[in-house]
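Data block below; observations after.
The values are calculated or read from the model by the stated rules, or taken from the named source; none is laboratory data. Just so we're clear, the structure is a prediction, and the values are computed from it rather than from any experiment. No Cβ is skipped: glycine too gets one built from the backbone with ideal geometry, and neighbour counts run over all protein chains shown. To get the accessible areas, we keep the full protein, side chains included, count just its heavy atoms, and leave off ligands, DNA and RNA. Shrake-Rupley method; radii C 1.70, N 1.55, O 1.52, S 1.80 Å.
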Amino acid sequence: MAEAGTGFLEQLKSCIVWSWTYLWTLWFFIMLFLVYILRVPLRISDNVSAVSMFLNTLTPKFYVALTGTSSLISGLILIFEWWYFRKYGTSFIEQVSVSHLRPLLGGVDNSAPSAASAAGGDADTNRQSVSECKVWRNPLNLFRGAEYNRYTWVTGREPLTYYDMNLSAQDHQTFFTCDTDHLRPADAIMQKAWRERNPQARISAAHEALELNECATAYILLAEEEATTIVEAEKLFKQALKAGEGCYRRSQQLQHHGAQYEAQHRRDTNVLVYIKRRLAMCARKLGRTREAVKMMRDLMKEFPLLSMFNIHENLLEALLELQAYADVQAVLAKYDDISLPKSATICYTAALLKARAVSDKFSPEAASRRGLSTAEMNAVEAIHRAVEFNPHVPKYLLEMKSLILPPEHILKRGDSEAIAYAFFHLQHWKRVEGALNLLHCTWEGTFRMIPYPLEKGHLFYPYPICTETADRELLPSFHEVSVYPKKELPFFILFTAGLCSFTAMLALLTHQFPELMGVFAKAFLSTLFAPLNFVMEKVESILPSSLWHQLTRI
């Protein structure tokens, strides 16, 4: 309640600032109007009478034009505010009032953190938010030549963004190159190939490197980008494995001879792990799931420290395909730890296993009558935990939102991670009877448990605010990015919409009933000017006529 009250007060302050600015502007124009009236030394009553006579001579056409123009201006402001909100996620009037007018009126920007909070717990939260907004390599990323390019050939759409492919190029340069590559002609060519933007130039460079030597990274590039089927990619990866194992054994013997040899051995290790992992993924895609599971287990045993590749997520997906739920639970017991970084795969797989125990007999009507059992409560809590970590996933699992090909990089807790998870795991949820029904009945209850606004989390850190911007860079333009939390319409869009509708209604009524609306307008203006007329008469009666004459002359 405290957080909700804080958000309401902030919105109220912005409204007050804007209203105060509006009143001061109105008062300024009223003063200009009075100066214009009193520019000649006449009696005030004469000026007020002249104003009243002028207002009484106005025709209904003037009121139609006035209200119509007001409606048009309000409509233009509304269109601009709506466009600005859709593009930037905030109100232009509110942003201007908070950024520029509040300091002039003596307000304090509460968005700037204090020194004490920066030195305390908020600093830890900010660091966690930055780490959660880090872009990660998608553990289940597809093959460019055999999958992404085939999609482009069929649909004419590019499934990968330039930003995503640029991140992949940086990854390739980090994992597949080292400082001693210039000493070996084939590796020197591949070092330039990974920096090349043109796919055909990269493929040509890989063929050129293979003419000089059996280069493992050249085979990797051809398997990723030139092979048009998974079978072709697997053959190239097997050739890469043969060349990579030889390089790895040679560098392993020389790794302690100096820093350059150690760097080369690190590169050869990365190359070997990448090849074996992609071979396991090829086996999984070609239906040899048990073989893929064995390859992944062996790889994790051989290189236990390379957790940055997240091979356990590939293993979880393959085990779910085999319906080896006990083995899945064993993997989760090792990696679903409070000290390890979470992912949608870990959280939603844990929820799926707990839902599997109760989903086949779950009924919302029966649960509302008798209450939830312990097992059902555990399943619901696991779903709530998963939804809090990534709230975008349920809409894809429940097929409320269409799927696209997952990107090569994902943002944890973002829409890109949700797409990558649902693309591979939707079939596993469908296979468990009643799991999607349980998810459909319970996932929205998560948002009642999360404090609002999202300044504090319930089981995880607060949801990062950078996910929408990063996901728009990672996902193609034809995909509508899922945004959480849903942005509420600013006050000023509602205000201008109401003002536009009200003035348009007045213009229509004045056009249809000119005499009646003219009477109402004159009565309203007479009532509006009555206090001013009263004050002017009192001032005129108190001040001597000679003094007032001199003041008006000034």
| request: For residue 369 and residue 515, calculate 0.36 nm times their separation in residues minus their Cα-Cα distance, and state this gained length in nm to one decimal. | output: 46.2 nm
| FRET E, pair residue 155, residue 83, Förster distance 35 Å, beta-carbon r, rounded to 0.05 | 0.75
| query | For residue 524, what accessible area in Å² do you get when you roll a 1.4 Å probe over the heavy atoms of the protein chains, rounding to the nearest 10? | reply | 130 Å²
| said: At R0 = 56 Å, how high is the FRET efficiency between residue 288 and residue 501 if r is their beta carbon distance? Nearest 0.05 is fine. | reply: 0.30
| note | SASA check, residue 483, accessible area w/ 1.4 Å probe, all protein chains in place, rounded to nearest 10 Å², comes out at 30 Å²
| For segment 148-309, what does the alpha-carbon gyration tensor say about shape, rounded, prolate or oblate, given a ≥ b ≥ c as the root eigenvalues, a/c under 1.5 as rounded, and a/b over b/c as prolate? | oblate
| How much net charge surrounds residue 180 when only the other residues with a Cβ under 10 Å from the Cβ of residue 180 are counted, with Lys and Arg +1 and Asp and Glu -1? | -1
| note | Length gained, residue 254-residue 229, 0.36 nm per residue minus C-alpha separation, equals 5.3 nm
| With every protein chain in place, what's the accessible area of residue 276 (1.4 Å probe, Å², nearest 10)? | 50 Å²
| field | Probe 1.4 Å, all protein chains present, accessible-area order of 506, 516, 140, largest first | value | 516, 506, 140
| When the accessible area of segment 315-361 is computed with all protein chains present and a 1.4 Å probe, what percentage of it is carbon and sulfur? | 50 percent
| For 179, 327, 336, 187, what's the largest-to-smallest order of accessible area, 1.4 Å probe? | 179, 327, 336, 187
| So for 153, 83, 194, what's the accessible-area order with a 1.4 Å probe, most first? | 153, 83, 194
| Label point distance in nm, residue 180-residue 305, each placed 7 Å from Cα along Cα→Cβ | 1.8 nm
| task | Between residue 528 and residue 76, take the C-beta separation as r, use R0 = 22 Å, and let me know the FRET efficiency to the nearest 0.05. | result | 0.25
| query | Which percent of the accessible area of segment 148-309 is formed by carbon and sulfur heavy atoms (probe 1.4 angstrom)? | reply | 52 percent
